[in-house]
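Engineer: Have a look at this one before I ask anything.
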Amino acid sequence: MRPLRFLVPGTTGRFRCGGLQVELQTARLTAALRPTQLVTYRQRQADHPFLADLLQGEAAPGPALWIVSWGFDVPQLLRQLRGRPVAYHAHSSGYGFDLPPATPVLAVSRNTLGYWGDRSPRSPLFLVPNALEPQWLERGDRARARRRPIDVLVQRRKCSAYVLQTLVPALRARGLQVVIQDGWVEDLVDLFNSAAVVLYDSADYWRGRGVSEGFGLPPLEALACGCVLFSSLNHALADSLDPGRLGHQIGAGTLEADLEAITAAAAEPAAWVPAPEALAGLLASGSEAALIERWRGALAAIDRHWDWLEQGCRPLASEPLWQQRWRQRLERLGKLKRLWAQRQGT
């Protein structure tokens, strides 16, 4: 059982973001399974070891399983860790790099799993969705016993120009109380518990950056707080947001359609929230208890995988794309030749 080292660029300042929070939470979960360290590689911090120092003082392959995750940094990190047990904790997809043969992938969504199942089909692949922090499950007001003071809540970060510049003014013109959350909030659970409807529209944001919505925790957090959710369905959001059943599509064809649906949901939320049994199943699958079991199984399989490689077993590799296409052209050419020969024979 290898100890784990989660690689992050740093934990303060400009490195603080949703991806960092997920890695910190995951490291906390896996610490219940085996020894776990957080290792930085850009920012030296007194409370965490630094990658270059560890590599200099420890010959490969070393005792640990390294977990890399940071988007555009992944190819460089994998080169630095060559010869050492490593796995890629894959959040967003679409960065364009390929993985070395047989590099395990821990995908946070089915969308990302499918991406790497296509791009790296001979790698060990695992599905380990992100977990909701316990506060959302423990304090989220799914009973909805009171009238909520906010009709519609929007978080500005990642939100589309359509929502901010067109939809929000139109909703306010109808008399709805719309709050746009921007900046630090001390208690997000309390904020979501105060909203009848939450709007989440990240499709334009991610399309502009050329990568995917890796998981999409805010929509699940809204559902955990008993909100009616209107969301885009891009990338990993389609994993869980069954439109019309667990949430509702935003930007559904026309502004008028959105206005009618959101106004109705704000007036009578009980008619628009998910069925209790469907929501309970979704939230249970995203609990820390469920996710730690997924990590337990995935890490055991990855340990065995690296045991095979360290014993000298040859890793499987995908056929290069140019070679696949050339072979397929030759196969089609051979088929045409056989058909031609059959016709000549008749």
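Engineer: If I fit a long axis through the Cα atoms of helix 255-267 and take the longest principal axis of the Cα atoms of the chain, what angle between them do I get, 0 to 90°, rounded to 10?
Structural biologist: 60
Engineer: Convert each backbone phi in segment 139-151 into a coupling constant with the Karplus relation 6.51 cos²θ - 1.76 cosθ + 1.60 (shift: θ = phi - 60°), then list the ³J(HN,Hα) values in order as whole Hz, x for Gly and Pro.
Structural biologist: 10, x, 8, 7, 6, 6, 7, 9, 6, 9, x, 9, 6
Engineer: Using a ≥ b ≥ c from the Cα gyration tensor of the chain (square roots of the eigenvalues), is it rounded, prolate or oblate, where a/c under 1.5 gives rounded and otherwise the larger of a/b and b/c decides, a/b for prolate? Numbers along the way, then the final one.
Structural biologist: On the way: a/c = 2.26, a/b = 1.33, b/c = 1.70.
Note, shape of the chain comes out oblate.
Engineer: If you don't mind, another one. Given a 1.4 Å probe and every protein chain left where it sits, what share in percent of the accessible area of the chain is carbon and sulfur?
Structural biologist: Values: 9140 of 17320 Å².
Roughly 53 percent of what the probe reaches on the chain is carbon or sulfur.
Engineer: Tell me which residues come under 5 Å, amide H to amide H, from SER160 once H is placed; ignore anything under 5 positions away on its chain.
Structural biologist: ASP201
Engineer: Across segment 221-229, in residue order, what do the Karplus-derived ³J(HN,Hα) couplings come to in whole Hz, using 6.51 cos²θ - 1.76 cosθ + 1.60 with θ = phi - 60° and x for Gly and Pro?
Structural biologist: 5, 4, 5, 5, 9, x, 7, 7, 10
Engineer: Sticking with this one: Could you check the spin-label model distance between TRP308 and GLN45? Points 7 Å from the Cα along Cα→Cβ, value in nm.
Structural biologist: 3.6
Engineer: Can you list residues from other chains, or at least 5 along the same chain, whose modelled amide H is less than 5 Å from the amide H of HIS248?
Structural biologist: LEU229, PHE230, SER231
Engineer: Suppose we flag GluC sites (Glu not before Pro) only when DSSP calls them loop and at most 12 other Cβ atoms lie within 10 Å. Which is the longest uninterrupted stretch of the chain?
Structural biologist: On the way: sites that count: GLU58, GLU186.
Answer from the scan: 187-346.
Engineer: If I stretch the segment between ALA60 and ASP98 completely, what's the gain in nm (0.36 nm per residue apart, minus their alpha carbon distance), one decimal? Let's see the in-between values first.
Structural biologist: Numbers: separation 38, 0.36 × 38 = 13.68 nm, distance 2.25 nm.
Result for the pair: 11.4 nm of gain on full extension.
Engineer: Now a separate question. Roughly how far apart, in whole Å, are the Cα centres of segment 220-280 and segment 15-47?
Structural biologist: 33
Engineer: Moving to a separate point now. Which residue fluctuates most in the GNM of the chain (Cα springs below 10 Å): PHE126, PHE192, PHE15?
Structural biologist: The residue with the greatest mean-square fluctuation here is PHE15.
Engineer: What is the helix-to-structure angle for 321-345, meaning the angle in degrees between its Cα long axis and the longest Cα principal axis of the chain, kept from 0 to 90 and rounded to the nearest 10?
Structural biologist: Between helix and principal axis, roughly 70 degrees.
Engineer: Could you give each residue of segment 197-206 its phi-based ³J(HN,Hα) in whole Hz, using Karplus coefficients 6.51, -1.76, 1.60 with θ = phi - 60°, and x for Gly or Pro?
Structural biologist: Whole-Hz 3J(HN,Hα) from phi for segment 197-206: 10, 10, 10, 9, 9, 9, 4, 5, 4, 6.
Engineer: Tally the DSSP beta bridges in segment 14-145 and give the antiparallel ones as a percent, rounded to 5.
Structural biologist: Numbers: 1 of 11 bridges.
Bridges in segment 14-145 are about 10 percent antiparallel.
Engineer: If amide H atoms are built 1.01 Å from N in the plane of the peptide, which residues on other chains or at least 5 residues away come under 5 Å of the amide H of ALA90?
Structural biologist: Those qualifying (amide H under 5 Å, at least 5 residues apart or on another chain) are LEU106, ALA107, VAL108.
Engineer: Can you tell me which of TRP184, TRP272, TRP136 moves the most in a GNM of the chain? Springs connect C-alpha atoms under 10 Å apart.
Structural biologist: Of TRP184, TRP272, TRP136, the Gaussian network model singles out TRP184 as fluctuating most.
Engineer: Another one. Express in whole angstrom the spacing between the alpha-carbon centres of segment 293-346 and segment 62-104.
Structural biologist: 22
Engineer: With a/c under 1.5 counting as rounded, go ahead and sort segment 112-239 into rounded, prolate or oblate using the C-alpha gyration tensor (a ≥ b ≥ c being the square roots of the eigenvalues; past the cut-off, prolate if a/b is larger than b/c, else oblate).
Structural biologist: Oblate.
Engineer: Relative to the longest principal axis of the C-alpha atoms of the chain, give the angle of the C-alpha long axis of helix 288-310, reported between 0 and 90° and rounded to the nearest 10°.
Structural biologist: So the helix axis and the longest Cα principal axis differ by about 10 degrees.
Engineer: Could I ask something else about it? For segment 101-186, what does the accessible surface come to per residue with a 1.4 Å probe? Please give it in Å². Each step should come with its number before you reach the end.
Structural biologist: Values: 4390 Å² over 86 residues.
In whole numbers, segment 101-186 has 51 Å² accessible per residue.
Engineer: Considering only DSSP beta bridges whose two residues both sit in the chain, what percent are antiparallel, to the nearest 5?
Structural biologist: Numbers: 1 of 34 bridges.
Given both bridge residues lie in the chain, the antiparallel proportion sits at roughly 5 percent.
Engineer: I need the calculated FRET efficiency for the pair GLU293 and ARG343, taking r as the beta carbon distance and R₀ as 45 Å, to the nearest 0.05. Let's see the in-between values first.
Structural biologist: On the way: r = 61 Å, r/R0 = 1.35.
Efficiency, from the Cβ-Cβ distance: 0.15.
The values are calculated or read from the model by the stated rules, or taken from the named source; none is laboratory data. In this text, all values refer to a predicted model and were calculated from it rather than measured experimentally. FYI the Cβ positions are ideal-geometry reconstructions off the backbone, even for glycines, and counts take in every protein chain you see. Areas reflect the complete protein model, heavy atoms only, side chains present, ligands, DNA and RNA absent. Shrake-Rupley method; radii C 1.70, N 1.55, O 1.52, S 1.80 Å.
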